[in-house]
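The values are calculated or read from the model by the stated rules, or taken from the named source; none is laboratory data. Quantities reported herein were computed from a predicted structural model and do not represent experimental measurements. Please note: Cβ atoms are built from the backbone with ideal geometry, for glycine as well, and neighbour counts cover all protein chains shown.
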Amino acid sequence: MNCCKNQVNRGASPITMSKKKLADYLFERIEATGVKHTFGIPGDFILPFYAAQTKSNLETVVMTHEPSVGYAADAYGRLRGLGVALVTYGAGGLNMVNPVGLAYAEESPLLTISGGPETRFRSQKPHLHHCVKSFTTQHDVYAQVCQSTTILDQPTLAKDEVDRVFDDTIKYSKPGYIELPRDMVGLEVEDGGQKKLASLEDEGALNEAVQDILERLKKSSHPILMVGVQVRRFGLKDKVIALAEALNIPVVTSILGKATFPETHKNFIGNYFGQFGNPRVKEYVEESDCIIVLGAVLTEMETAGFTAKLPPESLIQVNAGEVTVGYHRYDGLHFHSVVNQLLLVATAKLAPTLRFEVPSIPREVIESGKDSKALTVACMIEELNDLLTNKDDYSVVTDTGDCMYAGMSLKTDIFLSPGYYVSMGFGVPAAIGAQLAMPERRPIVLVGDGAFQMTGMEISTAVKHGLNPIIIVFNNASYAMLRFIDQKRDYFNLPRWDYVALAASVGARGAKADTPESFREALKTASASDKLFLIDAVIDSEDISPTLRRLTDHFSKKVKAAIS
């Protein structure tokens, strides 16, 4: 018996310490994750860091506005495991807070690196340009929307602080913030490798939690597995598919988790969105006697405005923040550990004797619009699903609004949207991040005209980098979702831009469509084009999807109650 297994191997070679510049160390850490692009806008406080980046293998993607930087880096991180934004101090960093808030709310690993004033100025009054209240103002703001933050103003701590924020961003799949004063870019730090911290976990609690879940499955006659976005964020998709197959358990996905589980899989029965989604999926889920929620946090949006009926006694929640089985709570367990152990034990002990039945629940059909003379949302979804027959060729990116809710009916295995935080402006810049992250897939972007008018000029960035998303603008000349929640008001109206001319002005192609036939032809032309192609889809202001109609009916009651 080896009683000394935990002792230090005294014969091992000592760690070789080498010196390198702090900026170079940061870029090495970024590249080691497989990241090939950073997103940003240069500014004077971060210019030395941009200059240092030219010595790395990273490509710099310069956007037109900082919010777009955040959305693009967020989408890149959702698909590659890390997105990196490089911005200047104050006017740049504070301009990007909203997209970072989105990334935190939706658990996306977005690392923001901001330039900052030199350390020698920080003992004085903050009278430098881009400063607000104090030299820590920007850091303090980011601390509210990030998992970990730091200002690298202490030379002896700089490397360890980089490692801490970087590691937390990956570990928790939430944003991190590093503020780099200009005079610290060239600081030499000793690189002796990264510290490996022990990850403590109660093995007894892990085994008991898994056994608790298995006992409930044994007694269940009507279980359901609900898969959320964390399954993709933490790289557990294949494990969850294997678990579903081992027990033949029916699977739904949450709204934010759409496409996290393959929608063509025999165990998949639909997207669960409470009373706003497919009524038959809602009925099946809510009548289940064992609801296993993996990787979804039951927020207002995931529970359809808290209207979902998921009885606590039948509910099992396993995610990065909590493990609860009915009324039992297990603290200190890691999401991946529970999923791995559950798969291992379920395959060995349950699968040989326990097989569930998967019901046949057809997709909710948006009433066909092909016979309509005018273009409708239903017609666009129908035509897009015909194109998505070759789903491996495309990813789907949506903005918020009906483009997102109608998009829930698309047959795709890559679906990016601001489904919980619902921030307008995500779609077009996110498509840039998505195509750079997965260049083998061409993004199809669904975006409302209101959101396009916020960040749509990023089509020029896409053209500059040789990207070719297909962008479909839902042109109904209004903030339609807000109008249906409230009522017709002048401030919900939008001007109808000439979107096709706008695309042509930056070197892209486009077509206007206002009938099913013209949309079908435009989509055919777009799919054959190797350039960015924008379709100006002119639809009636009263035309919305069934999902959005149910959602706005619910929220309009709250708004009208507050107004009255």
If a residue counts only when it is under 20 Å from residue 515 (Cβ atoms), which helices (runs of 4 or more DSSP H) contained entirely in the stretch 441-485 have at least 2 such residues?
none
Check the stretch 279-295 and report whether any residue there is of a type in the set (Lys, Arg), out of contact with any helix residue (DSSP H, G or I) (no Cβ under 7 Å at 6 or more places or on another chain), at pLDDT below 95 and part of a helix (DSSP H, G or I).
yes
Based on this model, can you work out whether residue 491 counts as closer than 30 Å to residue 553 by Cα, without any contact (Cβ under 8 Å) to a residue 12 or more places away in the chain and of a type in the set (Phe, Trp, Tyr)?
yes
Could you say whether any residue in the stretch 298-309 is surrounded by fewer than 23 Cβ atoms within 10 Å (Cβ to Cβ), without any contact (Cβ under 8 Å) to a residue 12 or more places away in the chain and over 20 Å from residue 108 (Cα atoms)?
yes
Assuming residue 524 fulfils every condition listed in (1) basic (Lys, Arg); (2) within 28 Å of the chain's Cα centre (by Cα); (3) more than 24 Å from residue 278 (Cβ to Cβ) apart from one, which condition is it?
(2)
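A quick yes/no check of all residues on (1) at pLDDT below 95; (2) over 24 Å from the mean Cα position of the chain (by Cα); (3) of a type in the set (Ser, Thr, Tyr):
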{"site": "146", "(1), (2), (3)": "no, no, no"}
{"site": "170", "(1), (2), (3)": "no, no, no"}
{"site": "178", "(1), (2), (3)": "no, no, no"}
{"site": "186", "(1), (2), (3)": "yes, yes, no"}
{"site": "201", "(1), (2), (3)": "yes, yes, no"}
{"site": "208", "(1), (2), (3)": "no, yes, no"}
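So that you can scan it fast, the table gives a plain yes or no per residue for (1) in contact (Cβ under 8 Å) with a residue 24 or more places away in the chain; (2) outside any helix (DSSP H, G or I); (3) among the aliphatic types (A, V, I, L, M):
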| residue | (1), (2), (3) |
| --- | --- |
| 107 | yes, yes, no |
| 112 | yes, yes, no |
| 129 | yes, yes, no |
| 135 | no, yes, no |
| 138 | yes, no, no |
| 153 | yes, yes, no |
| 160 | yes, no, no |
| 163 | yes, no, no |
| 171 | no, no, no |
Among the residues that make up the stretch 341-354, is at least one of them under 23 Å from the mean Cα position of the chain (by Cα), outside the structural domain of residue 98 (by TED's automatic domain parsing) and assigned to a helix (DSSP H, G or I)?
no
Residue list for the stretch 388-409, restricted to those being crowded, with 19+ Cβ neighbours inside 10 Å, of a type in the set (A, V, I, L, M, F, W, C) and either part of a helix (DSSP H, G or I) or out of contact with any Leu (no Cβ under 6 Å at 6 or more places or on another chain) (or both):
403, 404, 406, 408
May I ask you to say which residue of 544, 539 is touching a strand residue (DSSP E or B) at 6+ places or on another chain (Cβ under 9 Å) and of a type outside the set (D, E, K, R)?
539
Taking interchain pairs and intrachain pairs at least six residues apart, which have beta carbon atoms under 9 angstrom, with the first residue in the stretch 17-35 and closer than 11 Å to residue 166 by Cβ and surrounded by 19 or more Cβ atoms within 10 Å (Cβ to Cβ) and the second modelled with pLDDT under 95 and of a type in the set (A, V, I, L, M)?
25/189
Quickly run through the stretch 27-65 and pick out the residues that are of a type in the set (Ser, Thr, Tyr) and outside any strand (DSSP E or B).
33, 50, 54, 56, 64
Output the qualifying pairs, or none if there are none: Cβ atoms under 6 angstrom, residues six or more apart or on different chains, first residue in the stretch 380-403 and assigned by TED's automatic domain parsing to the domain that holds residue 470, second residue at pLDDT 95 or above and among the charged types (D, E, K, R).
383/520; 394/441; 394/442; 395/441
Over the stretch 499-519, the set of residues of a type outside the set (Ser, Thr, Tyr), closer than 15 Å to residue 474 by Cα and out of contact with any Lys or Arg (no Cβ under 7 Å at 6 or more places or on another chain) is 510, 511, 512, 513, 514, 519
Let me confirm something: among 501, 437, which residue is crowded, with 18+ Cβ neighbours inside 10 Å and more than 16 Å from residue 399 (Cα to Cα)?
437
Search the stretch 539-559 for residues that are in contact (Cβ under 8 Å) with a residue 12 or more places away in the chain and pair each with any residue that is among the charged types (D, E, K, R) and part of a helix (DSSP H, G or I) when their beta-carbon atoms are under 6 Å apart and the residues are at least 6 apart or on different chains.
544/402; 545/402; 548/402
Out of 530, 553, which single residue is in the same structural domain as residue 383 (by TED's automatic domain parsing) and among the acidic types (Asp, Glu)?
530
Residue check, residue 527 in contact with a Lys or Arg (Cβ under 8 Å, 6 or more places away or on another chain), at pLDDT 95 or above, within 19 Å of residue 395 (Cα to Cα) and among the hydroxyl-bearing types (Ser, Thr, Tyr)
no
Of everything in the stretch 251-269 that's surrounded by fewer than 24 Cβ atoms within 10 Å (Cβ to Cβ) and more than 20 Å from the chain's Cα centre (by Cα), which residue is modelled with the lowest pLDDT?
264
Over the stretch 530-564, the set of residues modelled with pLDDT under 95, outside any helix (DSSP H, G or I), more than 27 Å from the chain's Cα centre (by Cα) and within 26 Å of residue 495 (Cβ to Cβ) is 539, 540, 541, 542, 543
